[in-house]
Amino acid sequence: MKILVCISNVPDTTTKIKFAEGNTSVDTTGIQWVINPWDELSLTRALELKDDTTSGIKSVTVIHVGPAASEPTIRKALAIGADDAIRVNAVSSDAWFVAAQIAEVIKKEQFDVIMCGIESSDYNGSIVGGMISEFLGIPSVSAVSGIKFENGQAIIIREIDGGKEVVSVPVPFVAIVQKGIAKEPRIAAMRGIMMARSKPVKLVEPVQVDPLTQIVEFEKPTPRAACKFIDADSPALLLDLLQNEAKVI
Amino acid sequence: MSVLVYTENWDGKFKKLSFELVSYATGVAKMLNTTVTAVSIGKVDENELIRLGNYGANKIININSDKLAVLDSQAYSSVISEIARKENASVIIISNNNTGKAIAPRLSVRLKAGVGSGVSRLPLNLNPFTVYKRTYSGNAFAHLVIKSDIKILTLAQNSFDLIETPVNATIENMNPSIDGSLLKTVIKDIQKQSGMILLTDADIVVSGGRGMKSADNWGPLVELAKLLGAATACSRPVSDEGWRPHDEHTGQTGKIIAPNLYIAVGISGATQHLAGISSSKYIVAINSDKNAPIFEAAQYGIIGDAMKVLPKLIEAVKELKK
Ligand SMILES: Cc1cc2nc3c(=O)[nH]c(=O)nc-3n(C[C@H](O)[C@H](O)[C@H](O)COP(=O)(O)OP(=O)(O)OC[C@H]3O[C@@H](n4cnc5c(N)ncnc54)[C@H](O)[C@@H]3O)c2cc1C
């Protein structure tokens with residue numbers, strides 16, 4: 001079986017976000033780009049499954065929709081251990097556009113398991129994975145915190161609001177993964193970095209898709225009032241403020 | 001035209017988020033000068049269903065089908081999209097929780113409807129249809145224009161106040177035809193948390209970080225939470241160390257919550273932690289380091305050793321409750 005891992009290229013999670021062009025875009029100067037944290041964990045789990053000879057997983061491919069400038073992120077995924085990569089050569093305009101492009105690639109190349117992160121840390125959309133599955137008309141399981149294969153059958157743990165369920169769906173399916181899927185992201189070793197240089201990155205031209213949404217403006221979160229300090233010996237004063245000023249207890 | 005809202009129940013009782021969703025839907029419907037239709041899937045009795053009317057639902061479509069006992073995103077989105085067509089819905093509102101995230105994107109493709117996810121305010125504008133949404137894990141908010149005829153909005157939990165606008169709701173029982181070939185999710189086991197306050201639903205959350213020093217020190221924090229009727233949470237290193245269970249981890253890579261009150265004890269306030277809690281209405285920080293970044297996010301702070309401050313705070317809460 002083959003796994004496809006969808007990879008998004010996002011600013012490092014400690015980045016101080018600044019805007020440009022009259023707050024219509026994010027200022028990318030000096031930004032350090034990384035693999036979206038969820039996608040990194042999802043890639044890690046995919047590689048663990050491939051390492052496990054009983055899982056039936058034979059290869060791990062990564063796909064990214066983005067311009068040539070995001071090539072370093074793809075190389076990083078290859079260095080971590082993906083076998084090959086596909087880059088859809090387009091600037092992603094919205095989730096609909098990205099999902100449609102990835103679905104188009106999957107229609108041509110067979111994959112058994114498609115893994116997506118629960119959200120990208122930039123647009124916080126939580127929609128690409130589900131859209132891909134519906135474009136393809138295949139099952140999707142959301143909020144996946146564990147996945148393994150037993151006798152060719154996928155055993156999936158999904159988080160529900162207030163608990164967990166163990167479920168199974170037939171391949172092909174989309175797994176939308178979250179915390180728990182892998183413990184720590186796998187780190188590229190020197191050998192991996194060397195090998196990544198010669199691994200194939202297939203370039204695919206985008207299909208015509210009109211985005212459904214567009215960000216027209218960014219704003220900073222509303223600044224909070226400065227912190228009021230309360231003496232450690234008078235906790236009753238804190239409770240008084242919470243009760244009568246904030247009205248939250 | 002109508003505004004359609006998908007509600008959720010837990011063992012037959014609506015979750016608080018369902019009332020938030022209906023309140024929000026009513027606000028949108030007012031802007032559009034139209035009515036609200038709520039959909040409920042599951043075994044919910046009439047007395048409970050009718051409560052949605054308190055928040056402005058004009059019509060409640062009640063579906064109680066064995067085939068939908070398990071959340072299968074394909075089957076659910078097929079049923080909801082059929083209803084959306086029948087009700088001529090122009091806006092569909094769903095929670096931005098795990099269930100909503102499973103359904104909304106599939107619905108989007110079925111209806112060719114753009115999604116505004118994680119909205120926390122009513123639309124900013126109707127023409128063009130513009131929503132206010134969280135981006136960059138709370139470090140920025142975007143004005144997102146949705147260009148499609150049908151719009152799907154997923155509402156951030158605890159971000160919209162309950163607004164009572166009672167109407168006489170009509171209940172329509174529906175038995176939708178469900179394409180059996182769509183039902184592919186098989187449940188093997190369910191582990192439900194019970195008797196606990198769900199972290200994502202809680203109004204008050206007491207959370208501990210590495211400053212709590214060890215797993216053995218959690219007693220006072222849990223006691224404070226109990227006294228306040230709060231859920232407990234933690235920072236990532238705490239769950240990584242195994243001091244607390246993983247489902248308590250909040251932040252960028254954990255749960256994203258927005259309680260009315262978040263009490264951070266021994267948490268430094270790293271960007272990735274703040275990403276999960278910055279929408280809390282009030283943040284209280286207890287930290288021994290007066291320069292800890294958490295104090296920049298907090299409205300109230302106590303500088304001090306958690307192990308000394310917590311017992312005093314507990315005593316004060318007990319005193320207050322007398
Ligand atoms: C990709 C990525 C994703 C991440 N996601 C998350 C996430 O989702 N959630 C998350 O929490 N972190 C996340 N992190 C980790 C984050 O960067 C911080 O390392 C983490 O939040 C720090 O946890 P902490 O505040 O408990 O510990 P520390 O940063 O070690 O802070 C401990 C605090 O306790 C205080 N303290 C010490 N002793 C006492 C005492 N006796 N009494 C009172 N206070 C005391 C100290 O002054 C300090 O401020 C992520 C990191 C990365 C790289």
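The values are calculated or read from the model by the stated rules, or taken from the named source; none is laboratory data. This one's a predicted model, so the numbers in the text were calculated from it and none came from an experiment. Note that we place each Cβ from the backbone using ideal geometry, even for glycine, and neighbour counts take in every protein chain shown. Note: areas computed on protein heavy atoms with side chains; ligands, DNA, RNA excluded. Shrake-Rupley method; radii C 1.70, N 1.55, O 1.52, S 1.80 Å.
Table: residues versus (1) in contact (Cβ under 8 Å) with a residue 24 or more places away in the chain; (2) assigned to a strand (DSSP E or B); (3) more than 16 Å from the ligand (Cβ to nearest atom).
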residue	(1), (2), (3)
A:S93	yes, no, yes
A:V105	yes, no, yes
A:E119	yes, no, no
A:M131	yes, no, yes
A:S142	yes, yes, yes
Worksheet item: Restricting the search to segment B:299-312, which residues are under 15 Å from B:G211 (Cβ atoms) and part of a helix (DSSP H, G or I)?
Response: B:A306, B:M307, B:K308, B:V309, B:L310
Practice prompt. Being assigned to a helix (DSSP H, G or I) and polar (S, T, N, Q) is the filter; apply it to segment B:7-38 and report the residue that is farthest from B:S95 (Cα to Cα).
Written response: B:T26
Worksheet item: Could you say whether any residue in segment B:251-262 is more than 13 Å from chain A (Cβ to nearest Cβ), modelled with pLDDT of 95 or more and open to solvent by 30 Å² or more (accessible area, probe 1.4 Å)?
Response: no
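Listed here are the residues, each with its yes/no results for (1) away from the ligand (no atom under 13 Å from the Cβ); (2) out of contact with any Asp or Glu (no Cβ under 8 Å at 6 or more places or on another chain); (3) farther than 20 Å from B:I294 by Cα.
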| residue | (1), (2), (3) |
| --- | --- |
| B:K213 | no, yes, no |
| B:D216 | yes, yes, yes |
| B:V222 | yes, yes, yes |
| B:G229 | yes, no, yes |
| B:T232 | yes, no, no |
| B:R236 | no, yes, no |
| B:E241 | no, yes, yes |
| B:P245 | yes, yes, yes |
| B:Q252 | no, yes, no |
Discussion item. Residues that are in contact (Cβ under 8 Å) with a residue 60 or more places away in the chain and in contact with a strand residue (DSSP E or B) (Cβ under 7 Å, 6 or more places away or on another chain): does segment B:135-148 have at least one?
Written reply: no
Practice prompt. Look at segment B:199-211 and say how many of its residues are within 9 Å of the ligand (Cβ to nearest atom), open to solvent by 10 Å² or more (accessible area, probe 1.4 Å) and not basic (K, R).
Written response: 1
Response to the item:
Going through (1) in contact with a Leu (Cβ under 9 Å, 6 or more places away or on another chain); (2) open to solvent by 70 Å² or more (accessible area, probe 1.4 Å); (3) aliphatic (A, V, I, L, M) one by one, B:V186 fails only at (1)
Worksheet item: Within segment A:27-52, restricting attention to residues that are within 14 Å of another protein chain (Cβ to nearest Cβ) and more than 20 Å from A:R75 (Cα to Cα), which residue is most open to solvent (accessible area, probe 1.4 Å)?
Response: A:T28
Item to complete: Count, please, the residues in segment B:271-284 that happen to be more than 9 Å from the ligand (Cβ to nearest atom) and of a type in the set (A, V, I, L, M).
Response: 2
Practice prompt. Take B:G138 and decide whether it is modelled with pLDDT under 95 and among the small types (G, A, S).
Written response: yes
